[in-house]
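K.L.:
I have a structure I would like to understand better, so I am pasting it below and will then ask my questions one at a time.
The values are calculated or read from the model by the stated rules, or taken from the named source; none is laboratory data. Given the structure is predicted, the values throughout are model-derived calculations rather than measurements. Here the Cβ positions follow ideal geometry from the backbone for every residue, glycine too, while neighbour counts run over all protein chains shown. To get the accessible areas, we keep the full protein, side chains included, count just its heavy atoms, and leave off ligands, DNA and RNA. Shrake-Rupley method; radii C 1.70, N 1.55, O 1.52, S 1.80 Å.
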Amino acid sequence: MFDRTAIGKAHSSFRDRHIGPDDAGRRHMLDVLGYSSLDDLIDAAVPEQIRCPGGLQLPAARSEQQVLGALRALADRNQSRIQMIGLGYHDTITPPVLRRNMLESPAWYTAYTPYQPEISQGRLEALLTFQTVIEDLTALPVAGASLLDEATAVMEAVLLMRRANKTAKSNRVVLDADCLPQTVAVVRGRAEAVGIEVVLADLTDALPDGDAFGVVFQAPGASGVVRNLAPLIAAARDRGMFTAVAADLLSLTLLTAPGEQGADIAVGSAQRFGVPLFFGGPHAGYMAVRSGLERMLPGRLVGVSVDVDGKPAYRLALQTREQHIRRDKATSNICTAQALLANVAAMYAAYHGPEGLRAIASAVHGHAAALADGLRAAGREIVHEHFFDTVLVRVPGAAAQIVAAADDAGINLRHVDADHVAIACDECTTDDVIRQVLDVFGATPVAPAGAGALPLDVLRTSEYLQHPVFHDHQSETAMLRFLRELSDKDLALDRTMIPLGSCTMKLNAAAEMEPISWPGFAGIHPYAPARQTAGYLELIGNLEDWLAEITGYDRVSLQPNAGSQGELAGLLAINAYHRSRGDADRDICLIPQSAHGTNAASAVLAGMRVVVVGTAANGNIDHDDLQAKLAEHAGRVAAMMLTYPSTHGVYEADVRTVCELVHNAGGQVYVDGANLNALVGLAKPGEFGGDVSHLNLHKTFCIPHGGGGPGVGPVAVRAHLAPFLPGDPLAVEGPGPVSAANYGSAGILPITWAYLALMGPEGLTAATKNAVLAANYLAASLTDRYPVLYKGETGLVAHECILDLREITKRTGVTAEDVAKRLIDYGFHAPTLSFPVNGTLMVEPTESEDLTELDRFITAMVGIHDEISRVGSGEWTLEQSPLRQAPHTAEQVTDAEWTLPYSRQYAAYPVATLRRNKYWPPVRRIDGAHGDRNLACSCPAPEAFQIESADILEEALV
Ligand SMILES: *Cc1c(COP(=O)(O)O)cnc(C)c1O
């Protein structure tokens, strides 16, 4: 029947679509928990002492149409230009087949970091392809699966050189004066914190005098110059120095590779391989190393191993280097990196192939050469004879005027100094663009002269990208199907809940995602003048204000491009604060045992010493131990890092006391806010005792995980720390930056802006409450079978819970890992395995999963418990149980031979609903140790996958 009262009312608000459970679902969960209302549950779960009475002062919720309209208006206020500023950021064409089917595809962007390799073979293969691209182009044998950006990648190279160069006594590193300015700024700031002396030197002719453990070259230089670095690299090696080259990836298709020139390390950015400018990020940084250094590589590394059948399978290699295992001894604090962007770059290379890339690079160089020819013909002086894409023009006293005239013509050029302008060509440069630029100089195109401006002694002669993956997918049909084939191998949020504790795998709504590829956001150069970026600056200003309100702090910086970088920025601010007060002796960072590994690794990178604070029996911070440590290190404590709610998934009621103890000892309190999904609208770390926090926008605030990045890790501080927030990488003075771009991964900030605008203050608070409800519902439903390890004083958990399997393991041998792998057969991504406590699973459902999905998970966990009982009773041996055999592949259950004591049907369809919708893992359980012993980090030869067709024929005849 027609309902007149419905006119003009939204059928359903965004909030009701973001939050999974409906009223009936909520009612059911509350009944199970024995609470009459959601607010009663929250009052019982969240300690009175931390509650914020005022709620959130944020704009009211808007509809999806309103929010998209507002974002459209912001994008329109960013002025598009032909971007020829360069400096490590170049316009590029994202092939639409990649944009639509990878960058904008939830099958790719909602995936988690591939720690569960059996359900991640597709994205692991894509990342391995990325590594192969980097290895081939740099001519170095081992490349990692992405770093955060070029400037931080250079810093990682500096740290690697210092770790690896055991003979150098010096603490100095030489930095090419022609390094990108943002690289110099990041390295300077971060090197100071760890006592490395940076010497900026003109490396045109020779190395500077004196010792150093390493040298960093930029190729081509920021000035555009292309030099033959081989003699200097050899000279550095003779003097006991390690060498790193920050190399432009596209130029390496035409120029001799760093590995061929003798460098130990190559770093850089893969941005111009199909990833939009995004106002500075997210982009994939890269690093490749010569053999012998692979075990010191920072960040994640994909390797080839085998499954239990001996078939090739991919997984993350050498994980023992990483912060979650090695903590303060880790090679780096990088956790979330740039997986999605690395995958785009890999597929860009696969789509174009070596000939295509060479053609793009040749066109780029050809345009730059044509520009130089035209300028010279008009009497302009070109500073460097040899260049790849960037032409440096001497224009005595006229730089500002020329840059302004170009701006009027719709082109951004780089104002180098009063007398120089630089012009960077890229994949989007056309003959017409060159004509327009020449016109700005009063010049006109001339007939091409000579063979370009690349020096003959550095022309590349070696082959690259010979693997079939770079030749087999060059029609759009082939690429489309390749992307589909890869993503079909994986479990992402588009298929199942991903109940990963500490990771907050919630909905990434389509309306939040759409704006990021609009040209008004995607096409903006990070160093474009502020008047061209008014829309971005307003969006960023809003977001800083809103996040300050949500956290109870005074100021927010959005620059850090991952949680780990937010931690580092916060700790550097604490350092600077103490020093500004003449309190220079404070260098100790107290960190609870249960903390995330990044905390300890970040503290080390901030130049601090880590002192561990113990955990009491109830999982909380041990106050006695804290007091003992504060007394023992009186006058030396710089900070305590605590996670709230704790990584045990519990609201510690006495957090205010902990903060007071630290403050009374003269220390600052760092509240790790990655778990803010349990706090938004209910409590504010800035109000209950924190001085600084980082947040993970890729957890609580809906930026998707991308299979291991991108992320944004804003750092929020109270007023006294505000002067020490990360500075602009292009500023001459002030605090050092922690990212190459002032606003870090600005291109994905519209996602969080949209989420906050769509939800409004009540919606955000409701999301938190529903997340707590769902976690408690799971905890209560499972605790009889899997004891919940830690609970708060009222018997409730926060937004996640730890299921303790250690007793089960002791009794039956079945491990938490077995359960994680068997969940794959049930169609689930595993919870967090063995963090923060070994032998446990940490489950975080988030507010976005509805009751049906939560119950499906409970059914799976109950079914698995029955299986454990059958092992316990001796009905199945552990080895011959579906738990240890998991996951089961289609190939295995349809094999001619089947000797296991349970049926094929039970192996694959342990619950009936799977018969309608079944995920088949492409490989059986993977042997990680085998891969670490036989390290292989590039695409395997196709023969590795050859299937003996004779075998199949034989089976057919059985
Ligand atoms: C995820 C997480 C981090 C690290 O964040 P990244 O973005 O991966 O660097 C730090 N602390 C906690 C508690 C986390 O859950």
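K.L.:
Given the -39500 (n - 2.57) contribution per DSSP H run of 4+ residues, what per-residue ellipticity at 222 nm results for the chain, rounded to the nearest 500 deg cm²/dmol?
P.N.:
Counting only the DSSP helices, I get -11000 deg cm²/dmol.
K.L.:
Additional query: Which order do the peptides 940-946, 181-187 take when ranked by the mean count of other beta-carbon atoms within 10 Å per residue, highest first?
P.N.:
181-187, 940-946
K.L.:
Pop out the ³J(HN,Hα) list for region 215-224 in order, Karplus 6.51 cos²θ - 1.76 cosθ + 1.60 with θ = phi - 60°, rounded to Hz; leave Gly and Pro as x.
P.N.:
10, 10, 9, 10, 9, x, x, 4, 6, x
K.L.:
How much length, in nm to one decimal, is gained on full extension between R394 and K810, taken as 0.36 nm per residue of separation minus their Cα-Cα distance?
P.N.:
Taking R394 through K810 to full extension adds about 142.3 nm, to one decimal.
K.L.:
Given points 7 Å out from each Cα along the Cα-Cβ axis, report the D40 to A235 separation in nanometres with one decimal.
P.N.:
8.0 nm
K.L.:
With a probe of 1.4 Å, find how much accessible area the chain has per residue, and write the answer as a whole number in Å².
P.N.:
For the chain, the per-residue accessible area is 35 Å².
K.L.:
Let me ask something additional. Tell me, what is the percent relative contact order of the chain, built from C-alpha pairs under 8 Å that lie six or more residues apart?
P.N.:
The normalised contact order for the chain reaches 20 percent.
K.L.:
Separate question: Extension gain H720-R904, at 0.36 nm per residue separation less the Cα-Cα distance, in nm?
P.N.:
The span from H720 to R904 would gain 59.8 nm if fully extended.
K.L.:
Which residues' amide hydrogens lie under 5 Å from the amide hydrogen of M505, considering only partners 5 or more residues apart or on another chain, with H built in the peptide plane?
P.N.:
For M505, whose amide H was placed from the backbone, the distant partners under 5 Å are L500.
K.L.:
While we're here: Tally the DSSP beta bridges in region 515-645 and give the antiparallel ones as a percent, rounded to 5.
P.N.:
10 percent
K.L.:
Tell me the label-point distance for the pair D457, H930, using the 7 Å Cα-to-Cβ offset, in nm and rounded to one decimal.
P.N.:
About 4.9 nm, to one decimal.
K.L.:
Estimate the FRET efficiency between S475 and D22 by the formula 1/(1 + (r/R0)^6), using the beta-carbon distance for r and 45 Å for R0, to the nearest 0.05.
P.N.:
The calculated FRET efficiency here is 0.50.
K.L.:
Given 0.36 nm per residue, what is the gain on full extension from H623 to E385 after removing their alpha carbon distance, in nm?
P.N.:
Length difference between fully extended and current span is 79.0 nm.
K.L.:
Going by amide H atoms built from the backbone, whose H comes under 5 Å of the H on A313, apart from near neighbours?
P.N.:
Correct list: S305, V306, D307.
K.L.:
Keeping the other protein chains in place, figure out the carbon and sulfur percent of the accessible area of the chain, with a 1.4 Å probe.
P.N.:
The value for the chain is 49 percent carbon and sulfur by accessible area.
K.L.:
Based on DSSP, what percent of beta bridges with both residues in the chain are antiparallel, to the nearest 5?
P.N.:
55 percent
K.L.:
7 Å from Cα along Cα→Cβ at both Q66 and T204: what's the point-to-point distance in nm?
P.N.:
Taking the simple label geometry, Q66 and T204 are separated by 6.0 nm.
K.L.:
Residues of region 216-237 with backbone nitrogen within less than 16 Å of a virtual label 7 Å along the Cα-to-Cβ line of A418, please, listed as ranges.
P.N.:
Hits in region 216-237 for A418 at 16 Å: none.
K.L.:
I need the phi-derived Karplus couplings for region 833-843: 6.51 cos²θ - 1.76 cosθ + 1.60, θ = phi - 60°, integer Hz, Gly and Pro marked x.
P.N.:
9, 6, 9, x, 10, 4, x, 10, 10, 10, 10
K.L.:
Separate question: Which Cα, out of T615, A244, G931, lies furthest along the positive dipole direction of the chain (beta carbon charges, K/R +1, D/E -1)?
P.N.:
T615
K.L.:
Moving on to the next point. Go through 524-534, 239-249 and give me the packing order, highest mean Cβ count within 10 Å leading.
P.N.:
Put in order of decreasing packing, that is 239-249, 524-534.
K.L.:
Roughly how tilted is helix 339-377, in degrees to the nearest 10 and between 0 and 90, from the longest Cα axis of the chain?
P.N.:
Result, in degrees: 20.
K.L.:
I would also like to ask the following. When you count, for each residue, the other Cβ atoms within 10 Å and take the mean per peptide, how do 278-287, 194-203 rank with the highest first?
P.N.:
Ranking the peptides 278-287, 194-203 by packing returns 278-287, 194-203.
K.L.:
Output the pairs from K329/K699; K699/K791; K489/K810; K489/K791; K506/K918 with a Cα-Cα distance over 30 Å in this structure; if there are none, say none.
P.N.:
Beyond 30 Å between Cα atoms: K489/K810; K489/K791.
K.L.:
Let me ask something else about it. Using modelled amide H (1.01 Å from N, peptide plane; none on Pro or chain starts), what sits under 5 Å from the amide H of G20, excluding residues fewer than 5 places away?
P.N.:
Hits under the 5 Å cutoff: S848, E849.
K.L.:
Also, quick follow-up: Which FRET efficiency value, to the nearest 0.05, do you get for D76 and A653 by plugging their Cβ-Cβ distance into 1/(1 + (r/R0)^6) with R0 = 41 Å?
P.N.:
Efficiency for this residue pair is about 0.25.
K.L.:
I've got another one for you. Let's test the formula: R0 of 30 Å, r as the Cβ-Cβ distance of Q319 and V612. What FRET efficiency results, to the nearest 0.05?
P.N.:
0.90
K.L.:
Pop out the ³J(HN,Hα) list for region 260-267 in order, Karplus 6.51 cos²θ - 1.76 cosθ + 1.60 with θ = phi - 60°, rounded to Hz; leave Gly and Pro as x.
P.N.:
6, 8, x, 5, 7, 9, 10, 9
K.L.:
In addition: Mind pulling the angle between the C-alpha long axis of helix 623-632 and the longest principal axis of the chain? Nearest 10 degrees, somewhere in 0 to 90.
P.N.:
Here the helix axis deviates by roughly 40 degrees.
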